[in-house]
Each structure stands twice: as structure tokens, then as C-alpha cells.
1. What is the magnitude of the charge dipole of the chain about its Cα centre, with +1 placed on the Cβ of each Lys and Arg, -1 on the Cβ of each Asp and Glu, and no other charges, expressed in debye to the nearest 20?
2. Using +1 at the C-beta of Lys and Arg and -1 at the C-beta of Asp and Glu, which of 105, 158, 58 has the Cα lying farthest in the positive direction of the dipole of the stretch 38-169?
3. How far is it, in nm, from the label point at residue 39 to the one at residue 70 when both lie 7 Å from their Cα along the line to the Cβ?
4. Using 0.36 nm per residue of separation minus the Cα-Cα distance, give me the extension gain between residue 49 and residue 106 in nm, one decimal.
5. Taking all pairs of different Cα atoms in the chain, averaging 1/r and flipping that mean, what Kirkwood radius in angstroms comes out?
6. Using a Gaussian network model on the chain with a 10 Å cutoff between Cα atoms, which of 94, 20, 139 fluctuates the most?
7. Give, rounded to the nearest 20 debye, the magnitude of the charge dipole that the stretch 19-94 has about its Cα centre when Lys and Arg contribute +1 at Cβ and Asp and Glu contribute -1 at Cβ.
8. So who's got an amide H within less than 5 Å of the one on residue 167, skipping anything under 5 residues away but keeping other chains? H placed 1.01 Å off N, in plane.
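Each value in this text was obtained by applying a stated rule to the coordinates, not by laboratory testing. As the structure is a prediction and not an experimental result, all values here were calculated from the model. Please note: Cβ atoms are built from the backbone with ideal geometry, for glycine as well, and neighbour counts cover all protein chains shown.
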Amino acid sequence: MSDTSTETPTDRRPERLEARSTKDPAVRLFIFAAMLLGFGIWLFIDGHVLKKYPYQPFSESINAWSKWALNYLGPFLLVPAGLVVLIRAVAFLRRKLVADKEGIGYAGKEKIPWEQITELDASLLKSKGVLHVHWGKDRKLTLDSWKLEGFRDLVAFVEEHVPPDRIKQ
């Protein structure tokens, strides 16, 4: 390295780019999980611990039976659903997209080699911030600015590695 280099830091292109998940979609999933878990626990306490809603036959009163069914059976549906949403939210926060000289893909998943990309659909890029990467036979990877940090750098990196004839505006 010398002090007389004419190369500026913006001229250097990274060889590897990592795009982590944004927080907004995960926060929505965490809120939904909290709602499902909270409501399920509340129904469990009312129906099983405090026994506020004893069994009523369906034939006598549909309203009384519905209250019993919601408070007795509801927790067994809502709590597992809340746990699934919670696990998905944590998994969403942990994922990251990796693009390097070999290809692009999420860490721990299949990497798409640049040569296999058949089309880069940028028709929704300006309006929605979405870039569709078509590859293989009818396979698609969607890159969304709402879900990925450093989206502009990622799009520039992808455009550098995909031939211009495969980019659809």
C-alpha cells in the first residue's frame, strides 16, 4: 500500500456481503405470539384452574356450550400456536443472507450459484423494494427491503454478478 493510491474506499467492492434480518417483521411476530400465549393462558386459568365454565350440553344452550368449549379447549389450540409463532420469530431474527463470489443464499441453506440465475425481476424494486431472483426450473428467491438490512448494497452486489441480459426491469 502506498499513500499515492488513487483508489477511494467507495471504489472497492466487497467480496462477501451479509444481510441480516430487520427487526420490524420479527417484532410483529413476537406481538402476535404474546397475544396467542396470553389469551391461551388466560383461558386455561379460567377454564381449568378456576373452573368458571362447567360443562353444558350442546342441546341445552349453544351459548353456554360455546363458553365452555372456548375456555376448556381454547388453551390447547392457542398456546401451541403461540409457541410456533414465537419459534418462527426467533428463527427469523437469526437468519442472514450471504452473497459472495460463488453465489447467494441464506446461511445454512442451499446457495444459488450465479450461473444458475435465469432472471432478475426488478419490476417491483422501485415501488415495493422487492427483487425476485429466478433460478433453476421455476424456483424463486425473494429479496425484500422490509426484511433485509443493507438492501441497496445487496442489490448492487447482485447486479454486479448477474449478466445484464438476465435483468428484467
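1. Details: 25 positive and 21 negative charges, 159 e Å.
The dipole magnitude comes to about 760 debye.
2. 58
3. 1.0
4. On the way: separation 57, 0.36 × 57 = 20.52 nm, distance 4.48 nm.
Additional length available on full extension: 16.0 nm.
5. Working: mean 1/r = 0.0502 Å⁻¹.
Answer for the chain: a Kirkwood hydrodynamic radius of 19.9 Å.
6. Comparing 94, 20, 139 in the GNM, the peak value goes to 139.
7. In total the dipole reaches around 360 debye.
8. Those qualifying (amide H under 5 Å, at least 5 residues apart or on another chain) are 120.
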